[in-house]
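Right, one structure below, let's go through it.
The values are calculated or read from the model by the stated rules, or taken from the named source; none is laboratory data. In this text, all values refer to a predicted model and were calculated from it rather than measured experimentally. Every residue, glycine as well, gets a Cβ built from its backbone with ideal geometry; the counts of neighbours run over all protein chains shown.
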Amino acid sequence: MLDWNPEAQRIKVGFQTRKEFRNPAGIIQGGMIAAMIDDAFGPMCILASDRTKVPLTLDLNVSYMAAGQNGKFVCEARIIRQGKSISFVEGELFDATGELVARATSTVRLIPMPQR
């Protein structure tokens, strides 16, 4: 996690890809890009609930804007609306040059944090 703004309910998460994430053309596979965005939504929802709830992805809609090359990525995500059991979130994934690679929206179900 690079940054968390609780007032704005925004998070910034960094990722480093590996060559195994690439397809034969050398481009990061779409599923890996979706996973990076989804992986930013999780901690954001946990932090927004003061660590009392865990999000379960109900849907994830991804629009790909550019080919993602191997390297560093940053996801900037925000909560659009948070209810007691459902949240609506969105995020954007940028490559190391700042180019927008993908944009996603998701609906998540919030369940109580398991006790350890």
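Quick test for you: out of GLY42, GLY68, pick the one residue that is at negative phi, of a type outside the set (A, V, I, L, M, F, W, C) and at pLDDT below 95.
GLY68
Conditions (1) among the acidic types (Asp, Glu); (2) part of a loop (DSSP other than H, G, I, E, B); (3) touching a residue at least 24 places away in the same chain (Cβ under 8 Å), marked per residue:
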| residue | (1), (2), (3) |
| --- | --- |
| ALA8 | no, yes, yes |
| VAL13 | no, no, yes |
| LEU47 | no, no, yes |
| GLY68 | no, yes, yes |
| GLY98 | no, yes, no |
| ALA104 | no, no, yes |
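Residue check: is PHE21 crowded, with 16+ Cβ neighbours inside 10 Å, more than 20 Å from ASP3 (Cα to Cα), of a type outside the set (Ser, Thr, Tyr) and in contact with a helix residue (DSSP H, G or I) (Cβ under 7 Å, 6 or more places away or on another chain)?
For PHE21, the condition - crowded, with 16+ Cβ neighbours inside 10 Å, more than 20 Å from ASP3 (Cα to Cα), of a type outside the set (Ser, Thr, Tyr) and in contact with a helix residue (DSSP H, G or I) (Cβ under 7 Å, 6 or more places away or on another chain) - is met.
Can you find, within region 24-42, the residue that is surrounded by the most Cβ atoms within 10 Å (Cβ to Cβ) among those that are part of a loop (DSSP other than H, G, I, E, B) and of a type outside the set (S, T, N, Q)? Full working, then the answer.
Taking region 24-42 as the starting set, the residues that turn out to be part of a loop (DSSP other than H, G, I, E, B) are 24-27, 29.
Checking the rest, the ones that are also of a type outside the set (S, T, N, Q) come to 24-27.
On the way: PRO24: 5, ALA25: 7, GLY26: 10, ILE27: 15.
Checking each candidate, the answer is ILE27.
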